[in-house]
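Have a look at the structure below, then the notes.
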Amino acid sequence: MRLTVIGCSGSFPGPDSPASCYLIEEEGFRLLLDLGSGALGPLQRHASLDGIDAICLSHLHADHCLDLCGYWVARTFRPAGPAPRIPVYGPAGTARRMAQANGVDEHPGMGEVFSFRTLEPGRLEIGPLRVTVAHVNHPVETFGVRVEASARVLAYSADTGPSAALVDLARDADVLLCEASFLDQPGLPGDLHLTARQAAEHAARAGAGHLVLTHLVPWNDRERSRAEAAGPAACQLTLASQGLVLDLG
Ligand SMILES: [Zn+2]
């Protein structure tokens, strides 16, 4: 399984990265976890526009889903005619919200090139990937994700405050891709995002082998995020950057 970071900027695109988007590749199958603002451009450095087999949207905040609009244009109006439909997994209401965002009628909306499927907590198979999703702790319905294939495990926090469900999803994972939007400071809201330290504490509780901090907000000092995570992290620690590739084996 291979992970490529297409976008890792927290909450809005930064000067060096789009918002959230991660490409998972296994046996030639390509899954996008999130397709946030700005991600469609650099995605094309790593996969062709026709080369995506499925998309999973963790939640419907713009920085995690909005470039599905541009991708609908690319698949619908390409010179060769509309591309085959691919599945788009997301929270309830994804098809309607995406149609509204793109200014198209709800029916057919984007349904001619995307087959929208509503996520429910539990397990599903997406191509060769065994996927488990669970609700995490964010103001809108949001799913953390565990992806398993070829005896390798990748867990993705999506956006969340402290979450026991995230620890379960990341249990013994080879890689925990975990948001770290906040730096340590008093008065942080509890049900919104994690600090880098909290991300590391989740990784340690889960027994994850490698923590990759992501959803890093442009106004934060990356090195401070690294330092705050380094205390509790008992595992390898990496800060995500646009274009980072990790082969899980
Ligand atoms: Zn969010």
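Expressed as a fraction of 2.2 N^0.38 Å, the value expected for a compact globular protein of N residues, the C-alpha radius of gyration of segment 133-240 is 0.96. Excluding ligands, DNA and RNA, the accessible surface per residue across the chain is 40 Å² with a 1.4 Å probe. Peptides 46-59, 77-90 ranked from most to least packed give 46-59, 77-90, packing being the mean of other C-beta atoms within 10 angstrom over each peptide's residues. If you plug the beta carbon distance of Q236 and S150 into 1/(1 + (r/R0)^6) with R0 = 30 Å, you get a FRET efficiency near 0.90. Peptide packing for 117-127, 199-209 was compared via the average number of neighbouring C-beta atoms within 10 Å per residue; ordered from the highest value, the list is 199-209, 117-127.
Counting 0.36 nm for each residue step from F12 to V140 and taking away their Cα separation leaves a gain of 44.4 nm. Which percent of the accessible area of the chain is formed by carbon and sulfur heavy atoms (probe 1.4 angstrom)? Here it works out to 50 percent.
Only DSSP H runs of four or more residues enter the estimate; each adds -39500 (n - 2.57), and after division by the residues of the chain the mean residue ellipticity at 222 nm equals -5500 deg cm²/dmol.
Stretched out straight at 0.36 nm per residue, the stretch from F29 to L192 would grow longer than its current Cα-Cα span by 55.5 nm.
Note on segment 100-249: with charges restricted to the Cβ of Lys and Arg (+1) and Asp and Glu (-1), its dipole about the Cα centre is near 440 debye. Working ranking of peptides 169-181, 60-72 by packing, defined as the average number of other Cβ atoms within 10 Å per residue, highest first, is 169-181, 60-72. Subtracting the Cα-Cα distance of R224 and V104 from their residue separation scaled by 0.36 nm leaves 38.9 nm. For L35, the residues whose amide H sits under 5 Å from its own are C65, ignoring neighbours fewer than 5 places away on the same chain, with H placed 1.01 Å from N.
Given a Förster distance of 35 angstrom, what is the FRET efficiency for S115 paired with A62, based on the Cβ-Cβ distance and rounded to 0.05? FRET efficiency, S115 to A62: 0.95. Restricting segment 1-81 to GluC sites (Glu not before Pro) that sit in a DSSP loop and have at most 13 other Cβ atoms within 10 Å of their own Cβ leaves E27. Calculated on the alpha-carbon coordinates, the convex hull of segment 1-122 measures out at 110 cubic angstrom per residue. When H107, H215 are compared by accessible surface with a 1.4 Å probe, the order from highest to lowest is H107, H215.
The chain has equivalent-ellipsoid semi-axes of 28, 19, 17 Å, by the square roots of 5 times the alpha carbon gyration tensor eigenvalues, sorted largest first. Distance between the modelled labels on Q185 and L124, one decimal in nanometres: 3.7 nm (7 Å Cα→Cβ projection).
For segment 7-90, the residue among P82, C21, G36 whose Cα projects farthest onto the positive side of the dipole built from Cβ charges is P82.
The values are calculated or read from the model by the stated rules, or taken from the named source; none is laboratory data. This is a predicted model, so every value here is computed, not measured. Ideal geometry is used to build each Cβ from the backbone, glycine not excepted, and the neighbour counts take in all protein chains shown. Note: areas computed on protein heavy atoms with side chains; ligands, DNA, RNA excluded. Shrake-Rupley method; radii C 1.70, N 1.55, O 1.52, S 1.80 Å.
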